[in-house]
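As structure tokens, the structure follows; a few thoughts come after it.
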2 protein chains.
Amino acid sequence: MDIDIFFLGTSSGVPTVERNVPSILIRRKGEHIYFDFGEGTQRQIFRLGLGFSKKMKIFISHLHGDHIFGLLPLMQTLTLFKRRYPLEIYGPVKLESFLKYNMELLDIEPTFEIVFKPIYHNTILDFGEYYIKVIRNLHGGLSYSFRIEEKGRPGRFNADKATKDGVPKEYWSILARGEDVKVGDKIYCSKDYVIPPPIRGRSIVYSGDTMAFDGLIELARDADVLISEATFTSELKDRSIETMHMTALEAAKIAREAGVKILVLTHFSARYNDLTNHLIEARKIFPATFIAKDLDVLTIPYVTP
Amino acid sequence: MDIDIFFLGTSSGVPTVERNVPSILIRRKGEHIYFDFGEGTQRQIFRLGLGFSKKMKIFISHLHGDHIFGLLPLMQTLTLFKRRYPLEIYGPVKLESFLKYNMELLDIEPTFEIVFKPIYHNTILDFGEYYIKVIRNLHGGLSYSFRIEEKGRPGRFNADKATKDGVPKEYWSILARGEDVKVGDKIYCSKDYVIPPPIRGRSIVYSGDTMAFDGLIELARDADVLISEATFTSELKDRSIETMHMTALEAAKIAREAGVKILVLTHFSARYNDLTNHLIEARKIFPATFIAKDLDVLTIPYVTP
């Protein structure tokens, strides 16, 4: 199934008429995985004609207001909607106090379970079919970058052999991902039905807010998509250092070093109406660069191997 | 000078694609006076091409999230913009804890002074040229309705006499509002230059969120504009009682009893796409009823008496 990446907000710090503050939604097999949740994010979701998913996870990169101020309104809305499914929230440890204190003060009594999990540097969260790697980055306070990657498969599935051996079709995807299957007395071994070399899952890296640093190159290694902040162009390099952000040029260099397939720039300073210069300076270094606009969707198709 | 009323958000509880959560801006002589400040309000301000005023006051009717979640983002934005002028915030006493706790937790160090003043039932706040009356209403928790009214003048200004007596023009407006003027040894008495009867200032009443109650009729007596919540139509009367809100019909009855000039309905439940029924049921009782849309502007002109 396709993975869809929705860019819900592509401004930094302050919204503009054209751009809301940061949030990215990754939709995979009906699950909604958010990265950051700035003010007004729920309205962006409605604008896309999307609702809330039974399975929802929210990752917060750091505790700057423009990345989190949509959370409390979301808690209120999900409560008004009488949500019954748990909501998983991952973020810097202080985020839990923020949620708890405010919901108590404002008498928001959620109709659903909030499962909060603090995140730490250099950890891997295993979610079954995919994992999310978290590393600390270079921004004010505790701030993180993320890589979401599907688990790989051991090789190309040998459909001819499976047909010949009469393996029921419902078991093909299980064998394909490397697990053996027992049907009655008969055991089908995955290794008999896959042809190496192993196939990697799809991967998306999100920089969060950060200065350029080598760890981000490693995190983004060979990713399908690198979503990187590019708050400034090189003309404002000094300002980018002062505020611990990146220029479009730096993001492009990371994309090239990491060997990613596509670079999407986002998190633009509200001072820019026109982002042509971001694109020009990045594409000189890394031609497969794109500029995210609010409500853009980038699809990573599922390719049957 | 005209008074402009900007409807920044006309939904209740949850935003929709067409309607943001509550906020109203009253602009008078360059001062910006907000009533409620829901999530996404700053972006609505930008959409109108407005910025922030040196003189700004914010009144919060009650501590439901949809009326206050734009405040913290505003604090962050005004700090990023390096505001130097004080910001006055009036609201239920717990609002101060909400602001203080969150700004400390999130390291928002405002570049401006926040002057917080708690509001109480049946009080009048005197702001020189106008006053704001606050009464408690009938909603969950501490919740308030407001009347903003310009101070009246003792009568029509007698420009002919002022010209004949050689009163310098710069003093006319002072005499007109009822104050005496001393120029050198000469004293001009206001009563000699105004012709009764007294002239009332312009007045706007904002219901906040509430059920219908008699005190609101008194508060709205003879107002130029009553801005009233009308969350439901009479068809959902039971639901309006359950949630302590009003129907369009009830708002219209209050407008008629109070003898207001214009009734503007707002704060519509997100379930309504079409508000024709609100309008129909209100206009049967009170013909001068209007439905607020987001980003509408209603101007109350200044009429020289």
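The values are calculated or read from the model by the stated rules, or taken from the named source; none is laboratory data. For clarity, every value in this text was computed on a predicted model and none was experimentally measured. All Cβ positions, glycine included, derive from the backbone under ideal geometry; neighbour counts span all protein chains shown. Remember, those area values only see protein heavy atoms, side chains included, never the ligands or the DNA or RNA. Shrake-Rupley method; radii C 1.70, N 1.55, O 1.52, S 1.80 Å.
Annotation for region A:207-302: chymotrypsin sites (Phe, Trp or Tyr not before Pro) lying in DSSP loop with at most 16 further Cβ atoms inside 10 Å of their Cβ are A:Tyr302. Largest GNM mean-square fluctuation across B:Ala159, B:Ala251, B:Ala223, computed for chain B with C-alpha springs under 10 Å, falls on B:Ala159.
Based on Cα contacts under 8 Å between residues 6+ apart, region A:73-225 shows a relative contact order of 21 percent. For chain A, the square roots of the Cα gyration tensor eigenvalues, ordered a ≥ b ≥ c, give a/c of at least 1.5 with a/b no greater than b/c, which places it in the oblate category.
Spin-label pair A:Lys186-B:Asp107: with each label point 7 Å from Cα along the Cα-Cβ axis, the two points sit 6.2 nm from one another. Annotation: amide H-H contacts under 5 Å for B:Phe69 (H modelled 1.01 Å from N, sequence separation of 5 or more, or interchain): B:Glu39. Between copies, the label points at A:Val115 (set 7 angstrom from Cα along Cα-to-Cβ) are spaced 5.0 nm, reported in nanometres from shortest to longest. When the listed pairs A:Lys82/B:Lys237; B:Lys55/B:Lys186; B:Lys164/B:Lys191; A:Lys57/A:Lys82; B:Lys29/B:Lys133; B:Lys117/B:Lys253 are checked against a 24 Å cut-off, the alpha-carbon distance exceeds it for B:Lys55/B:Lys186; B:Lys117/B:Lys253. The mean of 1/r over all distinct Cα pairs in region A:1-69, once inverted, gives the Kirkwood hydrodynamic radius of 12.1 Å. For the protein assembly as shown, the spread of Cα positions along the three principal axes, ordered from largest to smallest, is 109, 58, 35 Å. Starting from the label point of A:Lys82 at 7 Å along Cα→Cβ, the same points in the other copies fall at 5.3 nm, in ascending order. Pairs of Cα atoms nearer than 8 Å and 6+ residues apart set the relative contact order; for chain B it is 17 percent. In the Gaussian network model of chain B, springs joining C-alpha atoms below 10 Å, which of B:Gly51, B:Gly38, B:Gly70 carries the largest mean-square fluctuation? Highest fluctuation among the options: B:Gly51. Full extension of the chain between B:Tyr302 and B:Arg221 gives 27.2 nm of extra length, using 0.36 nm per residue less the Cα-Cα distance. Residue and whole-Å distance for the chain A Cβ lying nearest the axis of the A-onto-B rotation are A:Gly40, 2. For the pair B:Asp160 and B:Arg84, label points projected 7 Å from Cα toward Cβ lie 5.0 nm apart. Return the distance in nm (one decimal) between the two label points of a simple spin-label model at A:Met1 and A:Leu295, each offset 7 Å from Cα along Cα→Cβ. So the two model labels end up 2.5 nm from each other.
Accessible surface for B:Lys117 stands near 90 Å², nearest 10, in the context of the full protein assembly shown (1.4 Å probe).
Can you give the FRET efficiency for A:Lys261 and B:Ser53, using 1/(1 + (r/R0)^6), R0 = 41 Å, r = Cβ-Cβ distance, to the nearest 0.05? E between A:Lys261 and B:Ser53, to the nearest 0.05, is 0.30. Measuring r between the beta carbons of B:Lys100 and A:Arg239 and using R0 = 35 Å, the FRET efficiency lands at 0.70.
Taking all Cα pairs closer than 8 Å and separated by 6 or more residues, the relative contact order of region B:1-155 comes to 16 percent. Under the combined filter of DSSP loop state and at most 16 neighbouring Cβ atoms within 10 Å, region B:94-150 retains these GluC sites (Glu not before Pro): B:Glu113, B:Glu129.
Mean-square fluctuations from a GNM of chain A, with a 10 angstrom spring cutoff on Cα atoms, peak among A:Val115, A:Val93, A:Val183 at A:Val183.
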